[in-house]
1. By a straight-distance test (C-alpha under 18 Å), which lysines pair with A:LYS471 as possible cross-link partners, with residues fewer than eight away in the same chain excluded?
2. Nearest 20 debye, what's the magnitude of the dipole of the stretch A:213-393 about its Cα centre given +1 on Lys and Arg Cβ and -1 on Asp and Glu Cβ?
3. Most exposed first by the Cβ proxy, i.e. fewest other Cβ within 10 Å, how do B:ARG171, B:ARG237 rank?
4. For the stretch A:262-267, take each phi angle, set θ = phi - 60°, evaluate the Karplus expression 6.51 cos²θ - 1.76 cosθ + 1.60, and give the result in whole Hz per residue in order, putting x for glycine and proline.
5. Hey, quick one: spin label on B:GLU238, modelled 7 Å out along Cα-Cβ, who in the stretch B:161-186 has an amide N within reach, i.e. under 12 Å?
6. Give the long-range amide H neighbours of B:PHE173: residues separated by 5 or more places, or on another chain, with amide H under 5 Å away, using H modelled in the peptide plane at 1.01 Å from N.
7. Report the Cα centroid-to-centroid distance between the stretch A:390-416 and the stretch B:244-285 in angstrom, as an integer.
8. Using only alpha carbon pairs under 8 Å that are at least six residues apart, calculate the relative contact order of the stretch B:45-149 and give it in whole percent.
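What follows draws every value from the coordinates through simple rules; no lab data is involved. Source: prediction; values computed, not measured. Note that each Cβ is placed from the backbone with ideal geometry, even for glycine, and that neighbours are counted across all protein chains shown.
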Amino acid sequence: MHGGCRALIDFMETFIGPLYNAIIIMGEFSVLIGGQAGDGIKQAGNAIARAFNRLGYWIFVYEDYPSLIRGGHNFAIVRASSKRIASHRERVDVLVALNQEAVDRHSWRLGNGSMTIFDSGLVKAEGLGIPMGEMVRRRGLPSILRNTIALGALAAVLGIGLDVVEDVVRATMGKRVEENLEVAREGYGIASGSPRGAQGPKAERVPGGPRPLLTGNEALALGLARGGMRIYAAYPMTPTSALLHYIAAHEDELGAIAIHPESEIAVIGIAQGAAYAGIRSAVGTSGGGFSLMVEHLSLAGQAEIPTVIVLGQRLDPATGAPTYTKQGNLFFAMFAGHGEFPRAVLAPGDADEAFHLAAEAMNLAWRFQIPVIILSDKHLSESTFSSSFEASRAGEEPPKLWDGTGDYKRYAQTEDGVSPLAFPGGGAVVKANSYEHDEFGITTEDADLIAKAQEKRLRKAEALEEHLSGKETLRVHGDPDSRIALVVWGSTKGVAVEVAERIGASVIQPLYLLPLPKRELEKRLEGAERVIGIEGNSTGQFCRWLRYHGLRVDEVLLKYDGRPFASDELEGKLRGILG
Amino acid sequence: MNTSDLKTYAKNTWCPGCGNFAIELAARQAFAELAEEGRLKVENLVILSGIGCHAKMSDYLRVNSFYSLHGRVVAPATGVKLANPELTVVGFAGDGDAYGEGLDHLIFAAKRNVGIAMIIHNNRVYGLTTGQFTPTSPRGFPGKSTPKGSPEDPMNPIELMLASGATFVARAFSGDLQHLKRVIRGAISHRGFSMVDVLQPCVTFLNTWEFYSKRVYDLQGEGHDAGNREEAMERAREWGYGGGAERIPIGIFYEVEKPTFEELVLRGRKPRELPMPDIGRVLNEHV
């Protein structure tokens with residue numbers, strides 16, 4: 001580093017340092033690390049999150065990246081709080097810049113006391129410059145190790161012990177562990193040695209934790225497995241590709257097999273073949289892939305094949321902005337498929353809910369022999385959450401099985417419309433049929449049989465509603481007696497809950513969008529003077545769905561630029577509405 | 001086992017003289033014979049069909065069946081085999097079904113060598129939709145969608161399957177029941193992916209009965225080496241599904257052993273017996 005530059009930094013550190021601590025919200029830190037694709041931003045974000053996690057903090061990590069492999073601008077915002085959080089904020093306390101673009105794009109996020117840590121060889125900025133590039137070049141190491149230097153420096157600034165950094169490096173680095181440890185220590189040393197580093201805000205250990213850090217996709221994988229999934233089939237598509245990767249990498253622990261066939265059509269066809277043969281299966285995709293699956297969705301309805309689909313929404317129509325988020329497929333999930341048949345659409349809002357609802361989706365699909373869609377989106381699937389679920393609370397519930405007496409009728413008429421299941425190889429002749437069929441599964445065009453078969457399937461919808469009436473289908477957060485009710489679904493939950501607590505509102509969050517927990521919603525919305533729907537789409541689909549059911553929504557707050565609401569952003573908008 | 005035990009109460013609605021009758025009977029006889037010989041448990045047999053005239057096999061045969069979607073037979077068939085490799089999985093599909101709408105699945109099944117037998121009822125015309133050209137119709141075929149004649153040359157599914165890595169590729173003719181039954185037996189008994197292109201007349205929309213009867217000859221009767229891929233390819237090119245050929249080979253073009261998809265994916269694991277997930281162990285990685 002040049003001496004002049006060093007002097008300038010020292011001056012800045014001395015000058016700004018005292019202000020710094022005053023700005024930081026007590027017990028809460030927000031760190032943004034940015035660079036170009038290939039700089040290991042995601043990995044660094046994960047390592048920073050783990051460091052805070054080891055100190056007991058609740059974590060939320062937002063990932064933002066364009067659809068490319070090298071170049072472009074990637075960043076992760078790691079937020080750590082002594083209180084439970086599930087959203088990011090626009091303001092950050094520390095900006096870690098691995099290139100100039102990170103400073104240019106994000107300096108607006110910095111407050112008076114915020115700090116920038118940067119690679120002084122590449123970046124012109126105020127704050128703590130560290131010659132990261134030079135440090136890796138000197139050792140002949142790849143440039144990606146700059147992110148470990150940044151981790152070390154950040155930890156020193158925040159007063160996190162070197163032992164924590166070393167522990168995190170060992171846990172997260174698959175390769176070059178020793179080299180990573182060495183550069184992390186050096187980054188740590190430089191930062192602790194600088195007066196600026198010593199004056200930074202200190203992340204004290206807080207009670208509780210550490211907690212497992214899970215992305216929505218990872219939580220979905222665990223929930224599906226816990227719900228009995230044995231085969232997972234998917235064709236890669238953001239934002240659920242990582243679900244496929246995770247299951248493929250953890251087949252033994254999850255007791256599941258991951259396969260990657262030639263198309264989403266093959267994916268769902270294979271999953272349904274497996275289900276017909278008695279093996280619980282699931283598929284994952286995004287809107288484009290789901291479009292290809294729709295004919296088989298209808299088949300699931302008609303042939304009554306348990307079919308679990310994870311639909312990770314992203315910004316569309318068509319290819320849209322593939323790595324950005326949107327909640328635009330609600331109506332698509334609810335109404336896709338030719339014909340009238342029962343289904344369930346579930347919308348988890350964080351990792352814990354993703355786990356439980358994924359297990360529940362498996363059980364519902366098999367209990368009622370219907371398609372069940374789990375609506376995720378990029379923001380839920382790829383963000384990281386502190387999780388606190390009890391895995392033992394979710395398990396595989398046995399479906400209604402044939403008792404082995406008499407001739408087996410795959411589509412036997414029953415009171416609740418659910419016919420007992422039997423599988424090939426078990427002695428019964430099992431006939432699944434996409435045509436309208438009689439009770440044995442033989443094709444029919446008889447008017448009376450057609451009507452009876454349709455009524456039988458529709459009875460399952462009633463049975464499903466009745467079954468769900470005994471379950472938690474809706475959650476209320478914030479102040480339940482507030483005059484202001486925020487209605488949200490899916491990934492918008494986290495941000496709404498946080499803001500509701502600050503502005504004194506309640507949050508009404510249905511976990512089931514279809515069937516809609518109408519009575520519960522009526523009860524909850526009755527007392528509210530102002531009902532504000534918040535959605536990550538441009539037409540307010542869920543609010544329309546509520547109105548379709550005769551439920552009141554007074555205002556609709558929408559965001560459809562591919563970026564999820566940040567908590568300070570949403571708070572500002574709500575305060576604007578509320579006056 | 002009596003072959004009539006394998007029939008359901010469904011009323012048969014194929015046109016009198018349809019080639020499907022012979023395919024259905026040959027399949028039923030093949031199943032019954034293999035069951036008699038202890039080489040097949042009927043309760044472990046699963047048939048699948050697409051949509052089209054052929055697909056009524058699912059209604060007519062009293063065995064486990066999955067009457068699927070047009071073009072998609074191969075996908076659920078793959079799922080059934082993967083879920084329970086002890087099952088014998090036989091897919092029936094039409095030429096529009098397997099070579100048109102769902103061609104990609106057929107190619108990938110061959111590429112993967114998944115342990116299913118695909119029997120293609122190839123009448124070279126869409127019957128159930130009343131007479132349009134299919135991927136194997138001859139050029140100039142005057143179907144309802146191409147009244148001035150099909151502008152496309154037919155595809156050669158035998159050549160295509162050989163190129164795709166299929167480990168059992170055969171052709172049969174619905175007019176030679178005994179031969180057809182032998183080939184279907186061979187396809188079912190083959191370990192891995194097998195495909196049989198069954199030439200059949202559509203008596204209503206494209207009656208090829210006489211055309212085939214005059215031209216077919218049995219490869220196995222002429223010393224064809226089914227273990228030789230080059231020779232198989234040469235024989236496959238002897239007739240390109242057009243109108244002008246002198247001779248049309250039927251029988252087994254190619255047969256070779258390779259590890260199957262389900263063996264490679266499952267590595268001895270049985271999906272039904274996979275252990276319950278150890279979530280606690282997984283969560284430890286995430287702290």
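1. Output for A:LYS471: A:LYS460, A:LYS518, A:LYS523.
2. 200 debye
3. Taking fewest neighbouring Cβ atoms as first place, the list is B:ARG237, B:ARG171.
4. With the stated coefficients, the stretch A:262-267 comes to 6, 6, 5, 5, 5, 3 Hz.
5. B:171
6. Result for B:PHE173 returns B:LEU180, B:LEU199.
7. Centre-to-centre distance over Cα atoms comes out at 28 Å.
8. 25 percent
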